[in-house]
Amino acid sequence: GAVVSQHPSWVICKSGTSVKIECRSLDFQATTMFWYRQFPKQSLMLMATSNEGSKATYEQGVEKDKFLINHASLTLSTLTVTSAHPEDSSFYICSAPRGGRGSYEQYFGPGTRLTVT
Amino acid sequence: QKEVEQDPGPLSVPEGAIVSLNCTYSNSAFQYFMWYRQYSRKGPELLMYTYSSGNKEDGRFTAQVDKSSKYISLFIRDSQPSDSATYLCAMSGEGMRFGAGTRLTVKP
């Protein structure tokens, strides 16, 4: 099956620093990727849609200046958490649809656990 | 009202039991209905998907969609301890929305 990777899998950073998380589709091209965050024992919350060649689309309530998204190529999207604070600590997961934006065939990365101290 | 409602559980059953997981939704634009399984600290993996109303079976898993009632179900037959995970329903139309996830524990 299709594979989506994320790097790093776990990161600890100090408050006020920035952290970059990479999401790669390994065996298919994805013009669209999605970024989610998940708090313990809660469901996935869509943060933004990353679009190759254009600006990302953010969900209501998500600060675009804090969560910078760059869809650098057809296989890579990055999420940068700028000026991180302890409340940004969460599990960040990306997904990529094979077959286009509205495809049901979503493949998820393994997630990145961010801890801000 | 949330677009997708799912009882978070937790749900605990003995090995071999039939498990029924359910979601309701409010958005008529949803066309694809998916079930994902998520193990602790891992990304979700697609279990099954269905398009429109009806049933779909894959081994021990059966997905059921009733669009008239806006209700979907996932049945797991002969449940195994390895089925212990969080099960998320998801629906796709203009965008994808997830249920809260139901934590399932299958006890040996």
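Residues are listed down the side, and each one gets a yes or a no for (1) surrounded by 13 or more Cβ atoms within 10 Å (Cβ to Cβ); (2) in contact with a helix residue (DSSP H, G or I) (Cβ under 6 Å, 6 or more places away or on another chain); (3) more than 21 Å from B:Thr86 (Cα to Cα); (4) at pLDDT below 95:
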| position | (1), (2), (3), (4) |
| --- | --- |
| A:Thr17 | no, no, yes, no |
| A:Lys20 | yes, no, yes, no |
| A:Gln29 | no, no, yes, yes |
| A:Pro40 | no, no, no, yes |
| A:Leu44 | yes, no, no, yes |
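For region B:48-60, state whether one or more residues are surrounded by 15 or more Cβ atoms within 10 Å (Cβ to Cβ), of a type in the set (Gly, Ala, Ser) and on the phi < 0 side of the Ramachandran plot.
There is no residue in region B:48-60 that is surrounded by 15 or more Cβ atoms within 10 Å (Cβ to Cβ), of a type in the set (Gly, Ala, Ser) and on the phi < 0 side of the Ramachandran plot.
Does A:Ser54 fit the bill of being out of contact with any Cys (no Cβ under 6 Å at 6 or more places or on another chain), closer than 28 Å to B:Cys89 by Cβ and open to solvent by 20 Å² or more (accessible area, probe 1.4 Å)?
For A:Ser54, the condition - out of contact with any Cys (no Cβ under 6 Å at 6 or more places or on another chain), closer than 28 Å to B:Cys89 by Cβ and open to solvent by 20 Å² or more (accessible area, probe 1.4 Å) - is not met.
Within region B:11-31, work out how many residues are assigned to a strand (DSSP E or B) and farther than 9 Å from B:Ile76 by Cα. Walk me through it before giving the result.
Looking only at region B:11-31, we keep the residues that are assigned to a strand (DSSP E or B), and these are B:11-14, B:19-25.
Next, from what is left, pick out any that are farther than 9 Å from B:Ile76 by Cα: B:11-14, B:22-25.
Looking only at that region, the number is 8.
Which is open to solvent by 30 Å² or more (accessible area, probe 1.4 Å), closer than 29 Å to B:Glu5 by Cα, modelled with pLDDT under 95 and out of contact with any helix residue (DSSP H, G or I) (no Cβ under 7 Å at 6 or more places or on another chain), of A:Arg101, A:Arg113?
Working: A:Arg113 fails: modelled with pLDDT under 95.
None of the other options fit; the residue is A:Arg101.
Just checking, which of A:Gln29, A:Gln6 is over 28 Å from B:Asp7 (Cβ atoms) and more than 14 Å from every other protein chain (Cβ to nearest Cβ)?
So the residue among A:Gln29, A:Gln6 that is over 28 Å from B:Asp7 (Cβ atoms) and more than 14 Å from every other protein chain (Cβ to nearest Cβ) is A:Gln29.
Matching residues to (1) under 24 Å from A:Ser25 (Cβ atoms); (2) open to solvent by less than 10 Å² (accessible area, probe 1.4 Å):
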site	(1), (2)
B:Ser12	no, no
B:Phe30	no, yes
B:Arg41	yes, no
B:Tyr71	no, no
B:Lys107	no, no
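The values are calculated or read from the model by the stated rules, or taken from the named source; none is laboratory data. What you are looking at is a predicted structure, and each value in this text was computed from that prediction instead of being measured. All Cβ positions, glycine included, derive from the backbone under ideal geometry; neighbour counts span all protein chains shown. Accessible surface is based on the protein model in full, side chains and every heavy atom, while ligands, DNA and RNA are left aside. Shrake-Rupley method; radii C 1.70, N 1.55, O 1.52, S 1.80 Å.
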